[in-house]
Amino acid sequence: MSETRAIPRHVAIIMDGNGRWAKQRNKERYEGHIAGVESVRAAVRAAARCGVEWLTLYAFSTENWGRPTAEVDAIMELFCRTVMGEAEDLVRQGVRVKVMGERTRFSEEVLRMIERIESVTAEGRRLTLVLAFNYSARREMVLAARALAERVASGELRAEDIDEADFADALMSRGIPDPDFVIRTSGECRLSNFLLWQSSYAELYFPEVLWPDFGEEEFERAMEEYARRERRYGLVTEE
Ligand code: IPE
Ligand code: IPE
Ligand code: MG
């Protein structure tokens, strides 16, 4: 049987609903984040199995620093613990990890873990897992504007020559294809400062399920939803 189904090359997920998941169970919010790690594993496995080449997960926004210190600390600790624990498995699965976000405000330990997971998995060829961590799309664009302005000031680039490719190259997502499919769990229908430039023509999907309940089956269902979408890019397409 040769069924051809459109597969998104790049899937980006706003992993939302951990706090509500915990609340529903009378647990602390951080327990929701811990439960969410299993969904990260499931998404990585399912993405690799489906032939997705890039998987971006929004793990921590710049705005998330404003949460109670105990929760921020728990998320940072969970990040370190998960990176330590999953490294071998990721290598075995051929997953390369890239961390996208400003490398500021992190503790020494978190910085070490970021560098470690990126170097240990650097040879992975099956799937690239991009972890958006201390990420803000607006900040990313401001930094890009600054970098381009500096190139203009130094005479290396002319302002009138700046095009979309130059701008894309100045973003943190340099070299990463635009997401084809953006999923946000928990029923919230907003982007919360995630990949605003890159998602220009992405298909958006807002399943109700909370992130800790988003397993491989939900990922499969999302892929089916994507396959039903018709992408037009502003053109008239023949029926
Ligand atoms: C998403 O879950 C995880 C992060 C933002 C780190 P939330 O913690 O936002 O969960 P809700 O939205 O409060 O349920
Ligand atoms: C977006 O979720 C950030 C991450 C999933 C990491 P939030 O829960 O922080 O976003 P808002 O506050 O609902 O917009
Ligand atoms: Mg949330």
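For the stretch 51-59, state whether one or more residues are touching a helix residue (DSSP H, G or I) at 6+ places or on another chain (Cβ under 8 Å), closer than 23 Å to residue 193 by Cα, open to solvent by less than 30 Å² (accessible area, probe 1.4 Å) and part of a helix (DSSP H, G or I). Looking for residues that are touching a helix residue (DSSP H, G or I) at 6+ places or on another chain (Cβ under 8 Å), closer than 23 Å to residue 193 by Cα, open to solvent by less than 30 Å² (accessible area, probe 1.4 Å) and part of a helix (DSSP H, G or I), one finds none in the stretch 51-59, hence no.
Of all residues in the stretch 115-162, those that are at positive phi and out of contact with any strand residue (DSSP E or B) (no Cβ under 9 Å at 6 or more places or on another chain) total 1. Scanning the stretch 188-216 for residues that are part of a loop (DSSP other than H, G, I, E, B), over 25 Å from residue 175 (Cβ atoms) and within 16 Å of the chain's Cα centre (by Cα) turns up 190, 206, 214. Scan the stretch 100-114 for residues that are under 19 Å from residue 141 (Cβ atoms) and open to solvent by less than 40 Å² (accessible area, probe 1.4 Å) and the total you get is 2. Residues in the stretch 63-99 that are open to solvent by 50 Å² or more (accessible area, probe 1.4 Å) and either at pLDDT 95 or above or within 16 Å of the chain's Cα centre (by Cα) (or both): 16 in all. Here residue 197 meets each of (1) out of contact with any Ser or Thr (no Cβ under 9 Å at 6 or more places or on another chain); (2) surrounded by fewer than 17 Cβ atoms within 10 Å (Cβ to Cβ); (3) not hydroxyl-bearing (Ser, Thr, Tyr) with one exception, condition (1). When residue 13 is tested against (1) farther than 30 Å from residue 125 by Cβ; (2) of a type outside the set (Gly, Ala, Ser); (3) within 16 Å of ligand 2 (Cβ to nearest atom), exactly one condition is not met: (1).
Given the condition assigned to a helix (DSSP H, G or I), away from ligand 3 (no atom under 16 Å from the Cβ) and over 30 Å from residue 227 (Cβ atoms), answer yes or no: does some residue in the stretch 35-50 qualify? No, the stretch 35-50 has no match at all.
Residues that are open to solvent by 40 Å² or more (accessible area, probe 1.4 Å) and closer than 22 Å to residue 116 by Cβ are absent from the stretch 10-28 altogether.
The values are calculated or read from the model by the stated rules, or taken from the named source; none is laboratory data. In this text the structure is predicted, and so the values were computed from the model without any measurement. Here the Cβ is made from the backbone with ideal geometry for all residues, glycine too, and neighbour counts use every protein chain on show. Areas reflect the complete protein model, heavy atoms only, side chains present, ligands, DNA and RNA absent. Shrake-Rupley method; radii C 1.70, N 1.55, O 1.52, S 1.80 Å.
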